[in-house]
Amino acid sequence: MMRVRVLPPDGTICATAPRWTSRKTVIDFLSDRYEWMQKAVQKVQSRPKPKELNYTEGEQVLLFGKPYPLHLQTILPKEKTHVSFDGQTITLHLKPDSTRRVCEALLQAFYKERLSMVVSIYMNDYQTKLACAPIPFRILRRKSVWGTYNVRNRSIVFNLALSKVPIECVQYVVLHEMTHQFVHAHNSEFYQRMSVFMPDWKERRKALKSVLM
Ligand SMILES: [Zn+2]
């Protein structure tokens, strides 16, 4: 089956076709969708994008949907750069010459650790409820999906950006991906299964759709 998608944030067009598809078939397929692609690219490009951080004192940083002020602290020469969080402030402990790159890497590692913790808790909970074996998961940077369930090796990839969305939405994505082990398609059976453990999944999905990826 041929497929074409327009990816955020820049509107890259991504087309896939089975290896044996002829060049002409591919061109025809894309030509038929030319207008749709143009519109989709415009739509993606005009979408507001999440603000880039400047890593300045007091700047607001999102963690599970809530903004926290950023604090920059200079470390002693023998200390290692790291991040601390006391529930109020996210502090980056930096060397005097730490670059923006270092700040970014530190914050990403912090996000990954926090998300991994939250995802593990929800997955454990649903493993019991769904009476299924543990599913291995990874957290990666993804451009256009919050999560992916891999049928072949029975594993899940979660988008690192989930660390910025409200926690109810993270829980929704966890249950959603875990439900795919029983039902692959997004059909009525799939959503019926979701409803058993999360009757308000629709509201959570809506909230997630309003978040900038
Ligand atoms: Zn799905």
Go through segment 73-88 and give me each residue that's open to solvent by less than 80 Å² (accessible area, probe 1.4 Å) and either part of a loop (DSSP other than H, G, I, E, B) or touching a residue at least 24 places away in the same chain (Cβ under 8 Å) (or both). Ile75, Glu79, Thr81, His82, Val83, Phe85, Gly87
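Conditions tested, residue by residue: (1) within 16 Å of the ligand (Cβ to nearest atom); (2) at pLDDT below 95; (3) within 13 Å of the chain's Cα centre (by Cα).
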| residue | (1), (2), (3) |
| --- | --- |
| Met117 | no, no, no |
| Asp125 | no, no, no |
| Lys143 | no, yes, yes |
| Gly147 | yes, no, yes |
Contact list please: Cβ distance under 6 Å, first residue in segment 174-202 and in contact (Cβ under 8 Å) with a residue 24 or more places away in the chain, second residue within 12 Å of the ligand (Cβ to nearest atom) and of a type in the set (Gly, Ala, Ser), pairs at least six apart or on different chains. Glu177/Gly147
Does Pro69 satisfy being part of a loop (DSSP other than H, G, I, E, B) and in contact with a Ser or Thr (Cβ under 6 Å, 6 or more places away or on another chain)? no
Taking segment 127-141, which residues are within 16 Å of the ligand (Cβ to nearest atom) and either open to solvent by less than 30 Å² (accessible area, probe 1.4 Å) or more than 19 Å from the chain's Cα centre (by Cα) (or both)? Leu130, Ile135
Checked segment 169-191 for anything near the ligand (Cβ under 10 Å from one of its atoms) and not in a loop (DSSP other than H, G, I, E, B); matches are Val173, His176, Glu177, Thr179, Phe190
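The values are calculated or read from the model by the stated rules, or taken from the named source; none is laboratory data. For clarity, every value in this text was computed on a predicted model and none was experimentally measured. For neighbour counting, all protein chains shown are included, and Cβ atoms are generated from backbone atoms with ideal geometry for every residue, glycine included. Areas reflect the complete protein model, heavy atoms only, side chains present, ligands, DNA and RNA absent. Shrake-Rupley method; radii C 1.70, N 1.55, O 1.52, S 1.80 Å.
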